[in-house]
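The structure appears below as structure tokens.
Just so it is clear, none of the values below were taken in a lab; they were calculated from the coordinates. Because the structure is predicted, anything quoted here is derived from the model rather than measured. For neighbour counting, all protein chains shown are included, and Cβ atoms are generated from backbone atoms with ideal geometry for every residue, glycine included.
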């Protein structure tokens with residue numbers, strides 16, 4: 001059967017890709033040798049984050065980096081709760097904190113990118129750090145990331161972990177997000193940086209301006225991280241580094257339910273068509289590989305598909321993925337529960353099929369705003 005041939009060829013390509021990523025992780029090394037104390041501006045866009053904003057700001061206030069060499073700029077993006085008031089009250093007790101209330105952004109532009117641009121415009125730093133208002137950073141976060149900036153480094157990336165809660169979904173999301181972080185790290189190790197997360201991203205302000213900021217990608221809800229990183233990596237002038245130290249890891253809360261989970265993933269997937277052609281082609285091959293697995297696995301050993309090929313291919317995928325995730329987890333001293341890993345493997349196949357379509361052609365809501373095909377539909 002044609003689909004059996006596709007599964008076998010897809011399995012070979014998939015394992016080859018995982019092997020390349022594994023090698024990328026092996027090539028990562030600690031490049032933190034720069035000792036100059038650079039002035040840092042941490043930009044924190046926030047919308048409707050009253051439950052999280054104080055934890056985020058408290059972690060930023062506890063940085064070991066000299067207080068005189070960093071500032072925190074919170075951009076309140078028209079929050080409909082107490083986010084602005086909580087952040088403003090917190091900032092009064094900290095001289096290097098500022099809170100800026102933004103007007104409603106133009107409907108044709110990404111609200112988050114508008115907020116980031118406003119923060120960068122008001123910043124004094126040589127280096128821009130970005131994180132999200134639902135994240136907590138470690139005390140040595142700034143100090144660790146800054147050490148990776150030498151004169152040739154344009155951007156530094158690092159790990160993002162989702163805090164697993166009691167709900168099964170949060171545990172699946174935690175492992176899935178960690179794996180994505182490992183892929184981004186491996187790509188840097190291979191010299192092909194392509195994936196980043198705005199919750200843990202740092203770059204030179206001069207590079208941001210040199211590249212025209214978010215011009216050309218500013219209409220999409222997501223992409224302030226991946227798409228900007230890809231703009232930077234196309235310019236051979238600047239190096240991209242990855243901070244492998246656990247102290248550089250940022251943690252984020254899990255989504256509250258399946259609806260929020262899929263809205264988040266739709267937002268991330270909506271930027272896929274803007275990826276470089278080679279990377280987008282890999283994504284499409286991966287999508288059809290998952291599709292073939294999804295439509296054959298449930299019918300293995302039945303009259304509809306009386307062979308063991310889908311099951312064998314799936315087991316090979318599980319083995320390759322587990323070795324890769326275990327390798328990545330060593331950097332963070334993280335434990336990978338095998339049962340949760342297996343559930344995540346099954347969950348991943350089916351959620352990617354849904355997200356691939358929904359992010360490209362569907363509508364989704366995020367932070368009280370509606371998007372269609374990744375662009376703002378209504379505010």
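Here the simple spin-label model places points 7 Å from the Cα toward Cβ, and for residue 54 and residue 346 these points are separated by 4.1 nm.
Measuring r between the beta carbons of residue 318 and residue 357 and using R0 = 25 Å, the FRET efficiency lands at 0.55. Residues 220, 322, 65, ranked from the fewest to the most other C-beta atoms within 10 Å, line up as 322, 65, 220.
The C-alpha atoms of the chain define a longest principal axis, and helix 309-332 lies at about 30 degrees to it. Potential lengthening of the chain between residue 247 and residue 260 amounts to 1.8 nm, from the contour at 0.36 nm per residue minus the alpha-carbon distance. Relative contact order for the chain: 22 percent, from Cα pairs under 8 Å spaced at least 6 residues apart, divided by residue count. Normalised by the number of residues in segment 227-373, the mean separation of alpha-carbon contacts (under 8 Å, six or more apart) gives a relative contact order of 32 percent. Principal-axis analysis of the Cα atoms of the chain puts helix 168-189 at an angle of about 80° to the longest axis. Projected onto their three principal axes, the Cα atoms of segment 28-256 cover extents of 43, 42, 39 Å, largest first.
Taking the DSSP beta bridges with both ends in the chain, the antiparallel portion is around 40 percent. Computed from the alpha carbon atoms alone, the convex hull of segment 137-234 holds 110 Å³ per residue.
With r as the distance between the Cβ atoms of residue 281 and residue 37 and R0 = 41 Å, compute the FRET efficiency 1/(1 + (r/R0)^6) and round to 0.05. Efficiency at R0 = 41 Å is approximately 0.40. Taking the fewest neighbouring Cβ atoms within 10 Å as the starting point, the ordered list for 238, 159 is 238, 159. Placing pseudo-labels 7 Å out from each Cα toward the beta carbon at residue 27 and residue 297 gives an inter-label distance of 3.1 nm.
Per-residue extension of 0.36 nm, minus the Cα-Cα distance of residue 274 and residue 3, leaves a gain of 94.7 nm for this segment.
Compared with the dominant Cα axis of the chain, that is its longest principal axis, helix 277-296 is turned about 50°. If R0 is taken as 56 Å, the Cβ-Cβ distance between residue 311 and residue 92 corresponds to a FRET efficiency of 0.40.
With only the Cα atoms considered, segment 221-379 has a convex hull volume of 162 Å³ per residue.
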